[in-house]
Structure formats: C-alpha cells, structure tokens
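Read the structure below first, then the notes.
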Amino acid sequence: MNPLETRGGTIIAGIVLAVIFIFLLGPKGAINLWEVWVWFHVIVGIAWVGLLYYFNFVQIPAVAQAIADKEPGPAAINKYIAPRALFWFRWAAVATWLSGSMALEALHSAPGSGVMAAFSFQPGFEVIGMGAWLGTIMLFNVWVLIWPNQKKLLGMTPATDEQKASAKRIAFLASRTNSMLSIPMLLGMTAFAHGMPF
C-alpha cells in the first residue's frame, strides 16, 4: 500500500523520513525538547497561516467571482470546502499557540515561566514576546471574531440577512487583520533564533 494514498499515511511517512534524517545526520544523544516543540509548532503554524493566506488570497476572491457569475455559484465552496478548511484553520491555530507555549517553556532556563518571560518582554525574550503577543491576538480573532461570524455566513447558526452582512464584514476584517499581523509575527518567530534582518 502506498502511504501517499491517505492523509494519515502521508503524515506518518513524513515523520518516519524525518526520523531517518535525524539518525543519518547524527543524533546528539539527548532529547532536545525545545526543538521537538518548535518543529511541531512550525508544522501546525504553516497549516494555520497557510489556510489564512488561502482564505484571503484565494477563497474570498473566488467566492466573489462565483457570486458574480451565478454559475456554479458560491454553494460548492461554502457547502463543502469552507467548513472543512475552517475546521483545520481554527484547530491549527490552537495547536500553534499551545505548541508555541511549550516551546517557550522548553527554551526558558531561568526560574519561572518561559511564557511569562515572553509575554512580559523579559530581557532576551522581547522579539519572541512580540511574536507571541501577535499570535495570541490572531488566535483570539479566529475564535472570537472569525469563526462565530463564519458560522452565520455558512448557515450553521441562524442569522438574518442584516446579521449576515455584519458577520461578513467582521469576519473579513478580522481575517485581513490576521494576514497583516502574520507578517510581523513571523518576523518575531524567525528573528528570535536568527536575529533581525538589519
């Protein structure tokens, strides 16, 4: 059986391949929890931000075009694709935030909490703290602004036409805000380990 035939098989094959590379490149002998959490954080973060970019740069313009064309209309996207994509989107956001918190804890070697060090901008944690704050705002936007309003738009929650119009605007602006915040947030994530670009 080809593991690429299923999502689970593909993920398992990717993990096995990564483990093979770890052994080929020489394991260091001790588990590096920081790297374990950062690795997972990057994988789920790519899923989250990738879906965010998909919604903003692909789906929103495609639905607008489908509404204008009337055929096939937005029903195919809104009925089949959007609910599934929103499921992965919101849970990837949670997994990203939680794994980022665990990475901060594993990174922090001084007494106290790595999460608190980042969120209070303690020395050495200013850059990652900025990224953590922006990621937290983005998580809030997903669960408090985007998802409840998308449920109205997709017919999962009853709403009048006026409520749907308001929900569409709120979800749109929250999603665009997250796209904007993702750019400096990703700078905070990468600059912590690699330094600022200049």
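The values are calculated or read from the model by the stated rules, or taken from the named source; none is laboratory data. As the structure is a computational prediction, the values presented were derived from the model and not from experiment. All Cβ positions, even for glycine, are placed from backbone atoms using ideal geometry, and neighbour counts span all protein chains on display.
Per-structure values
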{"item": "Some residue of the range 156-176 being in contact with a Leu (Cβ under 9 Å, 6 or more places away or on another chain) and either closer than 30 Å to Trp37 by Cβ or of a type in the set (Phe, Trp, Tyr) (or both)", "result": "yes"}
{"item": "Some residue of the range 128-147 being surrounded by 19 or more Cβ atoms within 10 Å (Cβ to Cβ), at pLDDT below 95 and out of contact with any strand residue (DSSP E or B) (no Cβ under 8 Å at 6 or more places or on another chain)", "result": "no"}
{"item": "Selection from the range 16-64 of residues that are among the polar types (S, T, N, Q), over 28 Å from Ile183 (Cβ atoms) and in contact (Cβ under 8 Å) with a residue 60 or more places away in the chain", "result": "none"}
{"item": "Residues being part of a helix (DSSP H, G or I), hydrophobic (A, V, I, L, M, F, W, C) and either surrounded by fewer than 10 Cβ atoms within 10 Å (Cβ to Cβ) or in contact with a Ser or Thr (Cβ under 7 Å, 6 or more places away or on another chain) (or both) - total across the range 18-57", "result": "10"}
{"item": "Which listed residue is free of Cβ contacts under 8 Å to residues at least 40 places away in the same chain and among the hydrophobic types (A, V, I, L, M, F, W, C), from Ala92, Ala103, Ala82, Ala13", "result": "Ala13"}
